[in-house]
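Where a number appears in this text, it was derived from the coordinates with a stated rule and is not lab data. Remember, it's a predicted structure, so these values are computed and weren't measured experimentally. Glycine gets a Cβ as well: all are built from the backbone with ideal geometry, and neighbour counts include every protein chain shown.
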Amino acid sequence: MNHFRDASHNGVYIGSINGNENKLIVPTDADAAYASGYLFFLPKNKNVFVAQPFDPTRGQLQGEPRPTVEKVLYDPSIWKVVFDASDKGVMAYQLGDKVSGTQLRWFDRSGKQLGAVGEAGFQNGPTLSPDGRKVLIGRVASLGSYSDLWVYDVARGIGTRITLDNNDHAGGIWTRDGTRVLFTASGATFHPV
C-alpha cells in the first residue's frame, strides 16, 4: 500500500527487492493480506471485503473476487481494514462500516464520562502535557491529507493548530516544562504553544 497525495496511485503492489520491477495488483485505499492462496482486500470505492485467488509467482489475480462478509470495519485515516488471515484458512475480522473519526473524551476512574476534547474527527497520538492542562494531538483535516498538530486547552476546550505547512505531523512530545512541543518535519512552520 502506498500513500501518495494523488489517490489514483493508491493500491496493492508487488515488487522486486531491487526495485526494478514494481506492478500494481489491485487499486485500493486500504491494506491487504495474502494467505491460503488468496489476496484479501477492500476494492477501491466499494464497501464489501473480498478474497480473490492470487498467484504470487506471476504476480496476478485469478478468477473473480468473492465477498467474504458483508462489511468489515475500515478506518480510511490510516488505510486499515480490521482483519487478518492465516495460511491455516482462518480469517478474523471486526464487523462494521467505514469509520468517520473519533472523539477524545475524559472519563473518571469509575468510567463516567466527564467531558470531551475538541470536535470529532480523524485524530491520532494524544499526548497530555506534564501539568495535565493541555493535550497535543495530530488531526487530519480531510481524508487524503496529512496530519497537523493541534494543542487543546483542556479547561477551556479551545484548540490551536501549531503546524502550518504541507508536511505530515503524526505526533510529538512535550518538553518537561510543558512550554514547547518537539516533533519531526522538514521545513515546518509553527506557532508557540
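Could you tell me the relative contact order of region 92-170? Use alpha-carbon pairs under 8 Å, at least six residues apart, and round to a whole percent. In percent, rounded to a whole number, it is 20.
Which entries of LYS23/LYS88; LYS46/LYS98; LYS46/LYS88; LYS80/LYS112 show an alpha-carbon separation above 22 angstrom in the structure shown? In this structure, LYS23/LYS88; LYS46/LYS88; LYS80/LYS112 exceed 22 Å between Cα atoms.
For region 7-93, relative contact order (Cα pairs under 8 Å, six or more residues apart, normalised by length) works out to 21 percent.
Rounded to the nearest 20 Debye, what is the dipole magnitude of region 7-93 about its Cα centre when Lys and Arg each give +1 and Asp and Glu each give -1 at the C-beta?
120 debye
Among LEU39, LEU136, LEU95, the residue with the largest mean-square fluctuation in a Gaussian network model of the chain, with springs joining Cα atoms closer than 10 Å, is LEU95. Scanning residues 5 or more positions from TYR13 or on other chains, those with amide H under 5 Å from its amide H are ILE25, with H placed 1.01 Å from N in the peptide plane.
For the chain, modelled as a GNM whose springs connect Cα atoms under 10 angstrom apart, the maximal fluctuation among ASN167, ASN20, ASN45 occurs at ASN20. Comparing mean-square fluctuations of VAL99, VAL117, VAL90 from a GNM of the chain with C-alpha springs under 10 Å, the top value falls on VAL90.
Projecting the Cα atoms of TYR93, PHE107, THR160 onto the charge dipole of the chain, computed from C-beta unit charges around the Cα centre, puts PHE107 farthest toward the positive end.
Taking log10 I(q)/I(0) by the Debye sum over Cα atoms at q = 0.08 Å⁻¹ as the quantity of interest, determine which of (1) -0.37; (2) -0.30; (3) -0.26 was computed from the displayed structure. From the options (1) -0.37; (2) -0.30; (3) -0.26, the structure gives (1). Here the chain is assigned +1 on the Cβ of each Lys and Arg and -1 on the Cβ of each Asp and Glu. Its dipole about the Cα centre then comes out at about 420 debye.
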